[in-house]
Amino acid sequence: MGSISGMVTSGDNAAIPDATVALWMMDGDVITGLLEIEDNPQYTTNQTSPVVGLYSFFNVPSGVYNITAEKDGYWFFTEAVVTEGTTTANIVIPEYVASEYPAGLGPYEPPERQYFTYVPVIINRTPPEPTITRTSGPDILAFAIAMLFALSIVRKRKKI
């Protein structure tokens, strides 16, 4: 035995009060009927509760269940696997949008963010092709020989 609880929200992320929530038994992918437990179906909590849109089913036998939520002709479902303890199954009714919201229960308003816009830069000429070039300079071997010769002359002068 376990329990199932969750929130029913609208497509604009507002909690939906007084939505009808029903718990259905399943056999594989087939719904076999309404589960016969207390408070099934039930309404989600309304403005008299501190948490609007909440539902809970208790003493649910272990198994796989289909949970439907309906409000004003709009509905959606989710599936839940119950073992022991509480299973959370939130339901979003995407098409449902309340015409009026009670104070403090309106749709979710994301905080303002600063956005940056990419502006492409147009180049009027073709950029040059990269090339690998060597600068002309003394050959390293010739340079090393010249340095050794210069050092030997300096040493000879110091000995004299």
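Read-outs throughout are calculated quantities, based only on the coordinates presented, and are distinct from any laboratory measurement. None of these values were measured; they are calculated from a predicted model.
Let me make sure I get this right: for region 24-105, a, b and c are the square roots of the gyration tensor eigenvalues over alpha carbons, sorted descending. Under 1.5 in a/c it's rounded, otherwise prolate if a/b > b/c, else oblate. Which is it? Can you show the working numbers first?
Details: a/c = 2.36, a/b = 1.63, b/c = 1.44.
Verdict is prolate for region 24-105.
What shape does region 14-55 take by its C-alpha gyration tensor, where a ≥ b ≥ c are the square roots of the eigenvalues and a/c under 1.5 counts as rounded, a/b above b/c as prolate, and the rest as oblate? Prolate, since a/c reaches 1.5 and a/b exceeds b/c.
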